[in-house]
Amino acid sequence: MFGLGTPELIVILGIAFLVFGGKKLPEVGEGLGKAISSFKKGIKDAEGVKESASKGILDDVPGVKEVAAIKGKVDEVKNLGKVFSK
């Protein structure tokens, strides 16, 4: 875990115990856990929005379908060139 061994983790937990105290430490841990899960959820949601946006927005832009069709034709010509060169 980030190159931290048992002694380092014990020192970090000891310092956290001294700073926050025994009663406050579980609350801090709970808050940290919620923050991490919220961050992961936000990243997952952002990836989903990014994928749907790239699909939906590009369909509305003029010329995208034409460019895709031309790219397909170019790929076909490249494949024909490979067949004839063998």
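Each value in this text was obtained by applying a stated rule to the coordinates, not by laboratory testing. Keep in mind that this is a model prediction, so the values were computed, not measured. Cβ sites come from the backbone with ideal geometry, for glycine too, and all protein chains shown count toward neighbours.
Apply the Karplus curve 6.51 cos²θ - 1.76 cosθ + 1.60, θ = phi - 60°, to the phi angles in the range 7-24 and return the couplings in whole Hz, x for Gly and Pro.
Residue by residue, the range 7-24 yields x, 5, 5, 5, 5, 4, 5, x, 5, 5, 5, 5, 6, 9, x, x, 7, 8 Hz.
Pop a pseudo-label 7 angstrom from the Cα along the beta-carbon direction at both F20 and K78 and give the gap in nm to one decimal.
Inter-label distance under the simple model: 5.4 nm.
For the range 40-48, in order, what is each residue's ³J(HN,Hα) by Karplus, 6.51 cos²θ - 1.76 cosθ + 1.60 with θ = phi - 60°, in whole Hz (x at glycine and Pro)?
The phi angles translate into 5, 5, x, 5, 5, 5, 5, 5, x Hz.
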